[in-house]
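**Q** Before I ask anything, here is the structure I am working with.
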Amino acid sequence: QVQLVESGGGLVQAGGSLRLSCAVSGRTFSVYTMGWFRQAPGKEREFVAAISWRGTMTYYADSVKGRFTISRDNAKNTVALQMNSLKPEDTAVYHCAATRKIGSSRPGDYDYWGQGTQVSVSS
């Protein structure tokens, strides 16, 4: 079993930055691809970013490319999402998730999920 706990959400003005963190415990963290997803009210959960188990490959949704950066520290069992140039449309609950599938952007491929952290961006 893998447990994931997100932190770092909050309220920020458009153009600002936030850094989300996900602490992972349980089974070996380093073998999993880690992803970030978000879900806004009334919308489906959507892919944001993912990182391979060694951290050598990263994947981003077009909507966040160039603004968000995903990283991981296997020694500390953490994965982070640095979010810059935030826009009101980035407002959502952000979840981290873990999968053994390489580079997947599909929520259904992820086996473990955190409870999420709220990010709100005001205009």
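**Q** Could you tell me how many of the residues in the range 71-111 are part of a loop (DSSP other than H, G, I, E, B) and touching a residue at least 40 places away in the same chain (Cβ under 8 Å)?
**A** Residues that pass the stated criteria total 16.
**Q** Is it the case, given these coordinates, that ARG45 is within 15 Å of VAL119 (Cα to Cα) and basic (Lys, Arg)?
**A** Judged against the criteria, ARG45 is a match.
**Q** While we're on this one: Could you grab me the full set of residues in the range 44-53 that are closer than 18 Å to MET83 by Cβ and either open to solvent by 50 Å² or more (accessible area, probe 1.4 Å) or aromatic (Phe, Trp, Tyr) (or both)?
**A** Listed by number, the residues that qualify are ARG45, GLU46, PHE47.
**Q** Now for a different question. Across the range 73-106, which residue is surrounded by the fewest Cβ atoms within 10 Å (Cβ to Cβ) among those that are under 14 Å from SER17 (Cα atoms) and among the hydrophobic types (A, V, I, L, M, F, W, C)?
**A** Taking the candidates together, the pick is ALA80.
**Q** Right, another one. Where residues in the range 30-51 are of a type in the set (Gly, Ala, Ser) and over 13 Å from the mean Cα position of the chain (by Cα), which of them is farthest from SER120 (Cα to Cα)?
**A** Among those residues, the one meeting the criterion is SER30.
**Q** Next question. Sort out which residues of the range 1-33 are more than 16 Å from MET83 (Cβ to Cβ) and outside any loop (DSSP other than H, G, I, E, B), and write them in order of number.
**A** Answer for the range 1-33, where residues must be more than 16 Å from MET83 (Cβ to Cβ) and outside any loop (DSSP other than H, G, I, E, B): VAL2, GLN3, LEU4, VAL5, ALA23, VAL24, SER25, GLY26, PHE29, SER30, VAL31, THR33.
**Q** Could we say that VAL64 is β-branched (Val, Ile, Thr), open to solvent by less than 60 Å² (accessible area, probe 1.4 Å) and part of a loop (DSSP other than H, G, I, E, B) here?
**A** When the stated conditions are applied, VAL64 passes them.
**Q** Any idea how many residues of the range 4-40 are open to solvent by 40 Å² or more (accessible area, probe 1.4 Å) and closer than 17 Å to SER63 by Cβ?
**A** 4
The values are calculated or read from the model by the stated rules, or taken from the named source; none is laboratory data. The structure displayed is predicted, hence computed values, not measured ones. Cβ: placed from backbone, ideal geometry, glycine included. Neighbour counts: every protein chain shown. Only protein heavy atoms, including side chains, enter the accessible area calculation; ligands, DNA and RNA are left aside. Shrake-Rupley method; radii C 1.70, N 1.55, O 1.52, S 1.80 Å.
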